[in-house]
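Written out below as structure tokens is the structure these notes cover.
The values are calculated or read from the model by the stated rules, or taken from the named source; none is laboratory data. Keep in mind that what you see is a predicted model, and the values were worked out from it rather than measured. Here the Cβ positions follow ideal geometry from the backbone for every residue, glycine too, while neighbour counts run over all protein chains shown.
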Amino acid sequence: MLTLTCPYCGIAAEETELHPGGEAHLKRFGPGSTDAEFEAYLFARKNPRGVHFERWRHAYGCGKWFLAARDTVTLEVFGTYKAQTSHPTDEIVAAIRAKRPGWMPDWTSPKTETSPVESLTE
């Protein structure tokens, strides 16, 4: 059974008390977007084998939406964080990298993880 801790009320809830909401951190396209962009927003999902970021709602608790980082193969939960954040917390990224040393987040490239001083000297 999957157990997630709500970052708002702090309750560790089993998946039967939660409602899944699909993939997290989707870029939404609305009016003014192309048909291809809108179609990708509606239907295209990553569905990776391994580290995945998802939306969950604490349905039988505080009722708030939150995000979770977990492994789709082992069901290991790396952490949960508030829905208003654009990326997982540094602690969650560190927990993922501790278990998966070669893992790279898809919202950054190796070049963007350099310090500001390094980028000025290149």
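Remarks
- Options Ala59, Ala13, Ala44: the member that is of a type in the set (A, V, I, L, M, F, W, C) and closer than 21 Å to Trp107 by Cβ: Ala44
- Which listed residue is within 18 Å of Pro20 (Cβ to Cβ) and modelled with pLDDT under 90, from Leu42, Leu75, Leu67: Leu42
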